[in-house]
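One structure is given below, encoded as structure tokens.
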Amino acid sequence: MSANEQARNLMMRQNQLVKNRQQSMLTRSAEEVGLDPTEVRVSRDRASGSMS
């Protein structure tokens, strides 16, 4: 595996970890305020402009 492939895989893995962490935080916050967590799921792709 080339250095570029390794870097790309590392970046993709890190991005997935960030997405999972953000989704967990969103779900916990929704539960705290009494919302149904299944209704607050947001695709990061659609919201990536506002989330950095």
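The values are calculated or read from the model by the stated rules, or taken from the named source; none is laboratory data. Just so it is clear, the model here is predicted, and its values are computed rather than measured. Cβ atoms come from the backbone with ideal geometry, glycine included; neighbour counts cover every protein chain shown.
For MET1, which of the numbered conditions (1) modelled with pLDDT of 90 or more; (2) hydrophobic (A, V, I, L, M, F, W, C); (3) loosely packed, with under 10 Cβ neighbours inside 10 Å fails to hold?
Failed condition: (1).
So which residues in region 4-15 are loosely packed, with under 11 Cβ neighbours inside 10 Å and within 15 Å of the chain's Cα centre (by Cα)?
MET11, MET12, ARG13, GLN14, listed by residue number.
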